[in-house]
Amino acid sequence: MGGAFSRPWRPLPKNNQDTLDFLKSYSPRNHEATHLRILLIGQTGEGKSTFINSVDSVLQGRVANRAPTDQHVTADSFTKKYKTYKFSKTNEGHYSFVINDIMGMERTKGVHVEDIKLALRGHVKDGYEFDPENKLEEGDLGYNAAPELSERVHVVVTVVPAGVVSLLTSDMIAKLRDIRLAATALEIPQLAILTKVDDACPKAQKNVNNIYKSDYLKEQVYKFSQLLGLPVNSIFLVKNYSSEINTNDATDAHILCALKQMIVFGEDYLSHLND
Ligand SMILES: Nc1nc2c(ncn2[C@@H]2O[C@H](COP(=O)(O)OP(=O)(O)O)[C@@H](O)[C@H]2O)c(=O)[nH]1
Ligand SMILES: [Mg+2]
């Protein structure tokens, strides 16, 4: 045995304030884009809305609850609309990145993979209500025929609970890979967050700083990397603010670390678009 809780297999993020400053001062170098758009994808109940709330909580320094989350996860996806979340700065304006929440991707009653591909290219209007029976078509009310750069997706993030990685069906993996290929064809960068590390690992539940010391969580990251073909260093472990009353530095650190990488990847894409 021995090594299960010895040295972290990835260094712990260090300075939250540096990352917060980076986020605050960030704006796309490509002036055609007013902001950077992050799209979260995954099945229902995996922590997408809670991640959006967690980001808001970290930025505000208090637990926020803007994106409706679902405590009672049923076959029906709670989020049906394509919705853009902006984040307010304390004094003025908004951060120069936004996060899109999308309907869950379950086999029946889930969002069409084709609709997600349209969203990547900015063709899905904000507020469009996904219809599992019918995919969005050119000419539909919710179809944006001439998307601006800011309406396109600049980084795609797959969200899966750490404890669910080994339970993903081949059908779901095929869908995720399908979207990944579509994003790759558009050269859109991708990463993943494995949520609910506290549910998946008792040591992580005790102390979130143990997540990079857990062999079990490391295995899930490597397994997910293989399943999806994403590099290991594009996969982040996150404990969302799901039951806490106050924020804390350790939980903030992992959320910030994942968020910063999303911005770095998205910025890289945006700034090289016209090369
Ligand atoms: N323990 C724990 N629960 C979480 C975490 N993230 C989300 N949840 C819970 O998982 C449930 C579904 O989350 P939600 O964000 O609505 O999932 P979505 O359908 O992907 O948007 C909610 O009850 C959340 O409180 C996490 O990191 N840890
Ligand atoms: Mg949701």
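The values are calculated or read from the model by the stated rules, or taken from the named source; none is laboratory data. What you see is a predicted model, and the numbers here were worked out from it, not measured in a lab. All Cβ positions, even for glycine, are placed from backbone atoms using ideal geometry, and neighbour counts span all protein chains on display. Remember, those area values only see protein heavy atoms, side chains included, never the ligands or the DNA or RNA. Shrake-Rupley method; radii C 1.70, N 1.55, O 1.52, S 1.80 Å.
Quick look at the numbers
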item	result
Every residue from segment 146-181 that is touching a strand residue (DSSP E or B) at 6+ places or on another chain (Cβ under 8 Å) and open to solvent by 40 Å² or more (accessible area, probe 1.4 Å)	Glu151, Arg152, Arg180
Residue in segment 142-156 that is assigned to a strand (DSSP E or B) and touching a Phe, Trp or Tyr at 6+ places or on another chain (Cβ under 7 Å) present	yes
Residue match in segment 130-138 (condition: within 16 Å of ligand 1 (Cβ to nearest atom), among the polar types (S, T, N, Q) and in a strand (DSSP E or B))	no
Set Val153, Val157: member being touching a Gly at 6+ places or on another chain (Cβ under 9 Å), within 16 Å of ligand 2 (Cβ to nearest atom) and closer than 30 Å to Asn274 by Cβ	Val157
Which listed residue, of Val111, Val63, is modelled with pLDDT of 85 or more, closer than 16 Å to Glu46 by Cα, more than 11 Å from ligand 1 (Cβ to nearest atom) and open to solvent by less than 80 Å² (accessible area, probe 1.4 Å)	Val111
Subset of segment 241-263 (residues that are more than 16 Å from ligand 2 (Cβ to nearest atom) and of a type in the set (Ser, Thr, Tyr))	Ser243, Thr247, Thr251
Wholly enclosed helices (runs of 4 or more DSSP H) of segment 186-256 bearing at least 2 residues of a type in the set (Lys, Arg), open to solvent by 60 Å² or more (accessible area, probe 1.4 Å) and away from ligand 1 (no atom under 14 Å from the Cβ)	215-228
Any hit, segment 65-75, residues being more than 17 Å from the chain's Cα centre (by Cα) and closer than 30 Å to Asp215 by Cβ	yes
Selection from segment 102-149 of residues that are closer than 19 Å to Ala182 by Cα and hydroxyl-bearing (Ser, Thr, Tyr)	Tyr143
Pairs with Cβ under 6 Å, 6+ apart, first in segment 32-54 and over 17 Å from Phe130 (Cα atoms) and open to solvent by 10 Å² or more (accessible area, probe 1.4 Å), second more than 10 Å from ligand 2 (Cβ to nearest atom) and small (Gly, Ala, Ser)	Thr34/Ser150; His35/Ser96; His35/Ser150; Thr50/Ser242
Enumeration of residues in segment 12-48 that are in a loop (DSSP other than H, G, I, E, B) and within 16 Å of ligand 2 (Cβ to nearest atom)	Gly42, Gln43, Thr44, Gly45, Glu46, Gly47
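For every residue, the table says whether it meets (1) acidic (Asp, Glu); (2) touching a helix residue (DSSP H, G or I) at 6+ places or on another chain (Cβ under 6 Å).
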| position | (1), (2) |
| --- | --- |
| Ile99 | no, yes |
| Val111 | no, no |
| Ile116 | no, yes |
| Ala119 | no, no |
| Gly122 | no, yes |
| Tyr128 | no, no |
| Glu133 | yes, no |
